[in-house]
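Visitor: Sharing a structure with you now.
The values are calculated or read from the model by the stated rules, or taken from the named source; none is laboratory data. Keep in mind that this is a model prediction, so the values were computed, not measured. Reconstructed Cβ throughout: ideal geometry from the backbone, glycine too, with neighbour counts over all protein chains shown. Quick note on the areas: whole protein, heavy atoms, side chains included, nothing else; ligands and nucleic acids left out. Shrake-Rupley method; radii C 1.70, N 1.55, O 1.52, S 1.80 Å.
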Amino acid sequence: MISIALVVAAITTAIAYFVDWLPEQASEERQGIDLVFWVTVAICIFFFAVVAAVSIYSGVKFRVRPDDESDGPPIHGHTGLEIMWTAIPTLCVTVIAVLSAVVLAQNDSPKGEPLRVEVLAQQYAWQFTYPDQGGIKATNLYVPIDRSTKLVLRARDVLHSFWVPEFGQKQDAVPGIVTTLVITPTKTGEYRVICTELCGLGHALMRTRAIVLSQADFDAWAREQPQGGGSAGGGGGGGEIDAKGIFTANCAACHTLSKAGTSGQVGPTLDELSLAPPAVEQQIRRGGGGMPPFGNQLSDDEIEALVQYLTGSNE
Ligand code: CUA
């Protein structure tokens, strides 16, 4: 039985270890997450091997012989066995729980003063705001390498969950509460941001990119961005509203529109929009048909610009 267990354990360990299941490591937090993962996998392999060995051994050794009509012996409990199969799993889940708690607590503490990024999740797009960089807004997450970034997550409508596989840890965005996630990237490059909480029709497409830059490149990127929060300062009649920018920031994840270069597949294509401007405005303000409302999110001027952009009523 022991030799069967060893064979099963060797096969499953080889599959777990030699197949390259996991994405590359690109953050400090990922190491702790991987440790918890591998400890859990090791425990699972051990018990799978034991159970498989007992099953295979019993199947071979105790199977019914031809013409054997006799019944097996009656068995009524075994206190020692019951104590064992309660105590061992309790011990295992306790080990996993304590290890996870330690890793999560460690991952929660940033190294030095973190960069703050506010993350807004909504059906079906991500928006990132940089309060300490003049309120820059972006649809991709730009972060510097070797410095902790503290994501402050909010959800506008339903549950979403922020995940970059290469960074390891996930964090839910929950309507009504604020959650945080610390990431400390260790590799420059582009990674996928994935929503990992089923949030509606467009859930599978609620993706964007996390772009890790050197500190100098990050500073240069931040300088090039139009400063956000400007509707208070630079608003009024003078400021030209960038309708295409509003469209790509808010609508691109779901809608295809050739002139904006977007290819979202969740909602209808807007290339041949046949609605009159008032109907388009109504749809943007109130939502409906699976689309969330934007009335509280965009200013009246922005909605007007967007309606004109979509209906071509000023061209
Ligand atoms: Cu948002 Cu799934």
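Visitor: Find the residue count for region 116-133, including only residues that are among the aliphatic types (A, V, I, L, M), within 10 Å of the ligand (Cβ to nearest atom) and open to solvent by 10 Å² or more (accessible area, probe 1.4 Å).
Guide: Counting residues in region 116-133 that are among the aliphatic types (A, V, I, L, M), within 10 Å of the ligand (Cβ to nearest atom) and open to solvent by 10 Å² or more (accessible area, probe 1.4 Å) gives 1.
Visitor: Now for a different question. Considering only residues that are within 17 Å of Y191 (Cα to Cα), among the hydrophobic types (A, V, I, L, M, F, W, C) and exposed (fewer than 14 other Cβ atoms within 10 Å of the Cβ), which ones fall in region 1-41?
Guide: Listed by number, the list holds a single entry, W21.
Visitor: Any idea which residue in region 147-162 is nearest to the ligand (Cβ to nearest atom), counting only those that are assigned to a strand (DSSP E or B) and more than 23 Å from D132 (Cα to Cα)?
Guide: Step by step, filter region 147-162, then rank; the result is H160.
Visitor: Let me ask you something else. For residues that are at pLDDT 80 or above and part of a loop (DSSP other than H, G, I, E, B), scanning just region 274-292, find the one that is most open to solvent (accessible area, probe 1.4 Å).
Guide: If we take residues in region 274-292 being at pLDDT 80 or above and part of a loop (DSSP other than H, G, I, E, B), then L275 is most open to solvent (accessible area, probe 1.4 Å).
Visitor: Can you name the residue in region 139-162 that is farther than 25 Å from P226 by Cβ and of a type outside the set (V, I, T) and, of all such residues, is most open to solvent (accessible area, probe 1.4 Å)?
Guide: D146
Visitor: Okay, moving on. Could we say that G228 is within 30 Å of F167 (Cα to Cα) and modelled with pLDDT of 80 or more here?
Guide: No: the conditions fail for G228.
Visitor: Out of (1) within 16 Å of the ligand (Cβ to nearest atom); (2) over 11 Å from the mean Cα position of the chain (by Cα); (3) surrounded by 18 or more Cβ atoms within 10 Å (Cβ to Cβ), what's the single condition that is false for A222?
Guide: Every listed condition holds for A222 apart from (1).
Visitor: Note down all Cβ pairs under 6 Å where the first residue falls in region 268-280 and is at negative phi, the second is open to solvent by 70 Å² or more (accessible area, probe 1.4 Å) and in a helix (DSSP H, G or I), and they're at least six residues apart or on different chains.
Guide: Sorted first by the residue in region 268-280, then by its partner, the pairs are D271/S258.
Visitor: All but one of (1) within 27 Å of G200 (Cβ to Cβ); (2) surrounded by 21 or more Cβ atoms within 10 Å (Cβ to Cβ); (3) more than 16 Å from the ligand (Cβ to nearest atom) hold for I136, so report the exception by its number.
Guide: (1)
Visitor: Moving to a separate point now. Residue pairs, Cβ under 7 Å, 6 or more apart or interchain, first in region 177-205 and touching a residue at least 24 places away in the same chain (Cβ under 8 Å), second exposed (fewer than 13 other Cβ atoms within 10 Å of the Cβ). List them.
Guide: Final answer for the pair search is T184/K111; T188/S214.
Visitor: For region 256-264, indicate whether the set of residues that are away from the ligand (no atom under 16 Å from the Cβ), polar (S, T, N, Q) and loosely packed, with under 14 Cβ neighbours inside 10 Å is non-empty.
Guide: Looking for residues that are away from the ligand (no atom under 16 Å from the Cβ), polar (S, T, N, Q) and loosely packed, with under 14 Cβ neighbours inside 10 Å, one finds at least one in region 256-264, hence yes.
Visitor: How many of the residues making up region 293-315 are of a type outside the set (S, T, N, Q), part of a loop (DSSP other than H, G, I, E, B) and open to solvent by less than 70 Å² (accessible area, probe 1.4 Å)?
Guide: 4
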